Amino acid sequence: MPDVAIQAEGLTKWFGVGEARTVAVRGVTFEARCGEMVYVVGPSGSGKTTLLSMISGILRPNEGTVRLQGIDVWSLPENRIADLRLNTVGFVFQDYHLFPRLTTAENVAVPLVLQRHAWNAALAEAKRCLALVGLGNRVDLRPNKLSGGEQQRVAIARAIVSKPDILVLDEPTASLDGDTGRKIIEFVRKDILNDKRCILVVTHDERIFECADRIARMEDGCITGIAAGEAHA
Amino acid sequence: MPWPLSRRGVRRPLPRTPIGIWGAAVLGILKIAYKLLVNDRGKFIALLVGITFSVFLMIQMTSMFSGMMKKASATVTNTGAKVWILDRAVTNVAASIPMPDYVLDAARSMKGVKYAVPLYSGVGLAKLQDGTYQAVTVIGLDDTSLFGRPELIAGKIEDIYGENGFVVVKDEEYVKLHNPAMGSEFEINDHRGVIVGIAKVPASGLFGIPTLYTTYSRAVQTIPSMRFTVSYVLVEPVDAQSIPAIKAGIAKLGYEALTEAEFVDKITNWYMFRTGMGMNLLLMTAISFVVGLSISGQTFYSFTLENLDKFGALKAIGAKGHELVWMILFQAGLTSLAGYGLGIGLCAGLIALARLRLPDYASIITYRNLELALGMVLVIAAISSLVAVRRVLRIEPFEIFRG
């Protein structure tokens, strides 16, 4: 397995045509290695989410390439890209996007079901994963019965249940109070990150910077600098 | 923390279902779709109510028509003749146009005819013992063969040859003759009649009047007749291959020979296209369809819209377009079939209830009604899901990130 988990080169993305064209990301080159927790920070509209989407195989760039674990993502057909996302990348969305009509265990089991695992086995694995994030006693509850922090943990459990090599967290603390947000990130850092997994976090919450190995700052669609984070050994 | 890391792709030895990868994927995804649907009780119930009501209306309308048509063709189906000879202008069995005797003779002399017998069908006015009058259908069976006789539940058929012998049909209209027992007497046109048998038939008539069977000769004596008296000629062909030749031979005489099914179709078509019943039926069925489509289409679309971000999240996680389409089709199909079943149950229940009060309530659920309603329900499901599918396929997972 290559040491470099994410390799993005010359990524450019614009929206609209003609005079309405807006360049969201301009020729960004970026790299993240296994075992690293990398933050992408910057003000609103700086292109963080667009960059994250291109890197994770969700948004096709206009220019540039993305390699995840050595695979050139955007050279693949759509179905293969979907497979790559399913098997290699775990997502934690800003608003969690949990299914309100499913129990927490069923929510967590969704990626495994999509990976074509048997329902009961997927559910059992999801429960194990929920126990890992400290929600072993919440497996049969619906998301609306959980606190914001607990919902975030369910989202994290869903992201890691298929054991992806790359974990992508979009504003993971945006909906949480400071203390809960810090605990969540510390949990991710301590219990989810390992030497074979890369975690990419998009945030503007400076309170959690202490958990980053490296921090890439974005402005106007460009990375203006990459600094070592406080957690960098 | 022990976290078994792995290579790219599906890496852990989690068990798969024995029906194979594709089946497991579909089953798991459909299970998610099922839970998303039924756990949203409000919308699920609204969808069910819409489809159920629509199916109920469609089946109710078409079953009423089927029931009426069954009754309208009762004489034809009860008689059981393979081929009927009739005047071309006859539109339904109750409005027979008498034919000259030579038609019967010609039919008997045709090649391919095993035998041919006359049938009399007319309406008389029976004077009951309490002095009241009741209209009755009188069927006169061929004196020699009694071809087309009903199944008796009391009495002996040969007693029909006895003096003034009549067989009464015990159906929903039987009560209108004051439940006559064996030996009961009545009058028709000052002719005495005696009940010598009680019969049952598969279907009773459309117009709500009791039916009496007697011999052909007694029928024409009892009921005032025109110059000709043969209402129909019933033909037993040698075999099915003979029927076209018989038809052609009868056509040369200026009359019409129809198989039983063709005669029933002729009656049905007359009611359907010449009486306005068909247009009313079509309108009501179309309205039922539109009601079902609008309720279920709108509810299903709003259900999909409400879950659009979740479908987007699924797409972002790695679900493929066709998997989402499966989910939507399954949800639409499940709701439609459940509503279809409930609609049929409701309609059947209502018919059973109605028959408790109105024994001759003309409504019958046929396979054809069920097929028609199923087809229309599937169209409702297809249209409802088509709109939802288009919406879901268009959603970009990137929108989920943007929030």
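The values are calculated or read from the model by the stated rules, or taken from the named source; none is laboratory data. All of these numbers come straight from a predicted model, not from anything done at the bench. Backbone-built Cβ (ideal geometry, glycine too); neighbour counts: all protein chains shown. Just so you know, the surface numbers come from the protein's heavy atoms only, side chains and all, with ligands and any DNA or RNA stripped out. Shrake-Rupley method; radii C 1.70, N 1.55, O 1.52, S 1.80 Å.
Gain on full extension, evaluated as 0.36 nm per residue between A:Arg128 and A:Arg33 minus their Cα-Cα distance, stands at 31.5 nm. Cross-link check: pairs A:Lys163/A:Lys183; B:Lys111/B:Lys156; A:Lys48/A:Lys163; B:Lys156/B:Lys252; A:Lys13/B:Lys35; B:Lys127/B:Lys200 evaluated at a Cα-Cα cut-off of 32 Å; pairs beyond the cut-off: B:Lys111/B:Lys156; B:Lys156/B:Lys252; A:Lys13/B:Lys35. Interface between chains A and B: roughly 4800 Å² of accessible area buried, both sides summed (probe 1.4 Å, protein heavy atoms only).
Taking a point 7 Å from the Cα of A:Asn79 along the Cα-to-Cβ direction, the residues of the range B:303-337 with backbone N closer than 17 Å to it are B:315, B:318-327. Can you list the residues of the range B:357-403 whose accessible area drops by at least 40 Å² going from the chain on its own to the full set of protein chains, with a 1.4 Å probe? Those residues are B:Phe398, B:Ile400, B:Phe401.
Spatially, the range B:43-84 and the range A:1-59 are offset by 63 Å when compared through their Cα centroids.
Assuming 0.36 nm per residue, please report the length gained on full extension of the stretch B:Glu185 to B:Arg368 beyond their Cα-Cα distance. Walk me through the intermediate numbers first.
Values: separation 183, 0.36 × 183 = 65.88 nm, distance 4.29 nm.
Extending this stretch completely gives an extra 61.6 nm.
Just the accessible area per residue of chain A, please: how many Å² with a 1.4 Å probe? Dividing the accessible area of chain A by its residue count gives 37 Å². What does the C-alpha gyration tensor say about the overall shape of the range A:170-233? Classify as rounded when a/c is under 1.5, otherwise prolate if a/b is larger than b/c, or oblate. Oblate.
The angle separating the long axis of helix B:41-72 from the principal Cα axis of greatest extent in chain B is about 20 degrees.
A Förster distance of 35 Å, applied to the separation of the beta-carbon atoms of B:Leu128 and B:Ala89, puts the FRET efficiency at 0.55.
Checking the a/c ratio against 1.5 first, then a/b against b/c, what shape does the Cα gyration tensor give for the range A:138-185?
Numbers: a/c = 2.36, a/b = 1.09, b/c = 2.17.
In terms of gyration-tensor shape, oblate.
With each label modelled as a point 7 angstrom along the Cα→C-beta vector, the B:Val194-B:Asp143 pair spans 1.9 nm.
Separation of the range B:151-192 and the range B:326-384, taken as the distance between their Cα centroids, equals 41 angstrom.
With every protein chain in place and a 1.4 angstrom probe, the accessible-area ranking of B:Lys31, A:Lys163, B:Lys266, largest first, reads B:Lys31, B:Lys266, A:Lys163.
What angle, in degrees between 0 and 90 and rounded to the nearest 10, separates the Cα long axis of helix B:260-274 from the longest principal axis of the Cα atoms of chain B? Value to nearest ten degrees: 70.
Taking 20 Å as the straight-line reach from the Cα of B:Lys31, the lysines in range (excluding those fewer than 8 positions away in the same chain) are A:Lys127, B:Lys43, B:Lys310, B:Lys315, B:Lys320.
The contact residues of the range A:107-156, meaning those that lose at least 20 Å² of 1.4 Å-probe accessible area when all protein chains sit together rather than their chain alone, are A:Val110, A:Val113, A:Leu114, A:Gln115, A:Arg116, A:His117, A:Ala118, A:Trp119, A:Ala121, A:Glu125, A:Leu132, A:Arg142.
Please figure out what share of the DSSP beta bridges in chain A is antiparallel and state it in percent, rounded to the nearest 5. Bridges in chain A that DSSP calls antiparallel: roughly 55 percent. Based on alpha carbons, the Rg and Dmax found for the range A:1-77 are 12.9, 44 Å.
Based on the Kirkwood approach, the hydrodynamic radius assigned to the protein assembly as shown is 30.6 Å, with every pair of different Cα atoms included. Shape index of the range B:58-204: Rg/Rh, with Rg the Cα radius of gyration and Rh the Kirkwood radius from the inverse mean 1/r over Cα pairs, equals 0.99. Seen from all directions on average, chain B presents a Cα convex hull projection of 29.7 nm². Placing a label point 7 Å from the Cα of A:Cys222 along the Cα-to-Cβ direction, the residues of the range A:40-59 whose backbone N falls under 19 Å of that point are A:40-52.
Per residue, how much accessible area does the range B:100-254 have with a 1.4 Å probe, in Å²? Walk me through the intermediate numbers first.
Numbers: 7290 Å² over 155 residues.
Each residue of the range B:100-254 exposes 47 Å² on average to a 1.4 Å probe.
For the residues of A:50-63, the average number of beta carbons from a partner chain within 10 Å of their own beta carbon is 3.
Counting only protein heavy atoms, what percent of the accessible surface of the range B:284-392 is carbon or sulfur at a 1.4 Å probe? Before the final figure, lay out the partial values.
Numbers: 3590 of 4890 Å².
Roughly 73 percent of what the probe reaches on the range B:284-392 is carbon or sulfur.
Working note: Cα atoms of chain A, range along each principal axis, descending, whole Å: 51, 39, 38.
Once both axes come from the Cα atoms, what is the angle between helix B:367-394 and the longest principal axis of chain B, in degrees from 0 to 90, rounded to 10? Compared with the principal axis, the helix lies near 20 degrees.
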